[in-house]
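These notes are about the structure you will find just below.
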Amino acid sequence: MKENTSRTTYENSVNTAELLKAKGLENCLLITSAFHMPRSIGLFRRAGIAVTPWPVDYRTSGVAGLSFDFTQPALNAQITTTAAREWISLTAYYLAGRIDSLFPK
């Protein structure tokens, strides 16, 4: 079973919920990039799908800190852009009522 008509994560959550319901399924493994997992979890749970998160495509080493590697400015810009887009999207989806909390767990 494959859902390939969606253009956004929101549409994917709604369309996947319909597919699962049509097949009599309730739970699924949610595989997406680690940076995108909070928003995806919020959307899929809001669509009524119990998900088990499986984050992939990690963009960091896992060591938290507020520093830049000044030897790779392009990479810094890319990571900052990705993070900003996700935070803006989380805020927008929360304000639009598409997710139940600003940072779904």
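Using the crude model of +1 on Lys and Arg Cβ and -1 on Asp and Glu Cβ, and no other charge, please compute the dipole size for the chain relative to its Cα centre, in debye to 20.
About 200 debye.
Report ³J(HN,Hα) in whole Hz for each residue of segment 72-88, in order, from the Karplus equation J = 6.51 cos²θ - 1.76 cosθ + 1.60 where θ = phi - 60°; Gly and Pro get x.
Couplings: 9, x, 5, 5, 4, 5, 5, 5, 5, 5, 4, 5, 4, 4, 5, 5, 5 Hz.
If amide hydrogens are placed 1.01 Å from N in the peptide plane, which non-local residues have theirs closer than 5 Å to the one on residue 32?
Placed amide hydrogens put 54, 56 under 5 Å from residue 32.
Which of the lysines could a cross-linker span from residue 2 if the Cα-Cα distance has to be under 23 Å and same-chain partners fewer than 8 positions apart are dropped?
Qualifying lysines at Cα under 23 Å: 21, 23.
For residue 94, what charge total do you get from the other residues with a beta carbon under 14 Å from its beta carbon, if Lys and Arg give +1 and Asp and Glu give -1?
+3
Taking springs between alpha-carbon atoms closer than 10 angstrom, which of 89, 13, 40 fluctuates most in the Gaussian network model of the chain?
Most flexible of the set in this elastic network: 89.
For residue 38, what charge total do you get from the other residues with a beta carbon under 10 Å from its beta carbon, if Lys and Arg give +1 and Asp and Glu give -1?
Net of charged neighbours comes to +1.
How large is Rg over Rh for the chain, taking Rg from the Cα atoms and Rh as the Kirkwood inverse mean of 1/r across Cα pairs?
Taking Rh as the inverse mean 1/r over Cα pairs, Rg/Rh reads 1.03.
Just name one of 24, 88, 63: the one whose Cα is farthest towards the positive end of the charge dipole of segment 9-95 (beta-carbon charges, Lys/Arg +1, Asp/Glu -1).
It is 24.
Where in the chain are there GluC sites (Glu not before Pro) that are in a DSSP coil and have at most 12 other Cβ atoms within 10 angstrom of their Cβ?
26
Report, by chain and number, residues whose modeled amide H sits under 5 Å from the one on residue 98, excluding near sequence neighbours (fewer than 5 apart, same chain).
Correct list: empty.
Between residue 6 and residue 100, 0.36 nm times their residue separation minus their Cα-Cα distance comes to what?
Length difference between fully extended and current span is 31.7 nm.
Can you show me the helix-derived [θ] at 222 nm for the chain, built from DSSP H runs with n ≥ 4 at -39,500 (n - 2.57) apiece and divided by the number of residues, rounded to the nearest 500.
Using -39500 (n - 2.57) per qualifying helix, the result is -15000 deg cm²/dmol.
Assuming R0 = 25 Å, what is the FRET efficiency of residue 23 and residue 83, from their Cβ-Cβ distance, to the nearest 0.05?
0.10
Taking the chain as a Gaussian network, Cα atoms linked when under 10 Å apart, which of 81, 16, 32 shows the biggest mean-square fluctuation?
81
Taken together, the values in this text are just the output of simple stated rules run on the coordinates, not laboratory data. Quick caveat: nothing in here was measured; it's all calculated off a predicted structure. Glycine gets a Cβ as well: all are built from the backbone with ideal geometry, and neighbour counts include every protein chain shown.
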